[in-house]
Amino acid sequence: MQETPARVARMYQEIFSGLGQTAEEHLSKSFEIIDDNMVVEKDIFFHTMCEHHFLPFYGRAHIAYIPDGRVAGLSKLARTVEVYSKKPQIQERLNIEVADALMEYLGAKGAFVVIEAEHMCMSMRGVRKPGTATLTTVARGLFETDKDLRDQAYRLMGL
């Protein structure tokens with residue numbers, strides 16, 4: 001137990017390393033592209049801490065975006081999810097921050113983010129329903145107004 005406070009402090013530094021960070025450095029490194037076909041990256045695993053009960057929640061993020069002359073390197077989408085999940089968080093805000101980063105830092109014409117997660121505050125306390133999945137979505141740009149585009153993204157994500 002003597003070393004526990006130092007271990008906990010190091011753990012908090014690691015799992016909250018996204019505090020005060022944005023995805024700008026990741027998404028600003030992009031590649032020129034001629035077309036504007038949808039890009040989908042799915043099953044990006046993440047874990048974070050719920051800011052309500054300070055218990056973990058974890059799951060998968062699925063991202064679709066429509067480029068506007070530039071595409072992000074594939075690892076940059078996973079890094080974007082990582083940046084915003086490395087702080088006390090709520091699932092709905094995580095969706096928003098990822099989608100807004102794609103719009104702002106990559107200049108996407110549209111962004112659509114679906115997050116599926118299990119919350120330990122529901123699994124191990126309170127209602128105690130392990131395995132319950134919460135799905136949240138956010139649409140920006142072209143995805144907000146084009147239902148067919150959203151439907152195509154859902155299909156490509158396998159949802």
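Every read-out reported here was derived from the displayed coordinates using simple, explicitly stated rules and does not represent laboratory data. What you see is a predicted model, and the numbers here were worked out from it, not measured in a lab. Cβ coordinates were reconstructed from backbone atoms using ideal geometry, including for glycine residues, and neighbour counts include every protein chain displayed.
Remarks
- For the chain, the relative contact order works out to 24 percent when only alpha carbon pairs closer than 8 Å and six or more residues apart are counted.
- Among the trypsin sites (Lys or Arg not before Pro) found in the stretch 47-92, not one is both in a DSSP coil and sparsely packed, with 10 or fewer other Cβ atoms within 10 Å of its Cβ.
- Centroid-to-centroid, using Cα positions, the stretch 1-15 and the stretch 28-59 are 27 Å apart.
- Of all DSSP-defined beta bridges confined to the chain, some 95% are antiparallel rather than parallel.
- Of the DSSP H helices in the chain, those whose Cα atoms cover at least 27 Å axially and whose Kyte score averages -0.5 or more: none
- In a DSSP loop and with at most 16 other Cβ atoms within 10 Å, the GluC sites (Glu not before Pro) in the stretch 29-128 are Glu51.
- For the chain, lysine pairs with C-alpha atoms less than 23 angstrom apart, excluding pairs fewer than eight positions apart on the same chain, total 13.
- Where chymotrypsin sites (Phe, Trp or Tyr not before Pro) fall in DSSP loop in the stretch 12-98, at most 10 other Cβ within 10 Å: Phe54
- Amide hydrogen neighbours beyond the local backbone of Lys109, cut-off 5 Å, H modeled: Ile66, Asp68
- Helix-derived mean residue ellipticity, 222 nm - over the chain, DSSP H n ≥ 4, -39500 (n - 2.57), to 500: -11000 deg cm²/dmol
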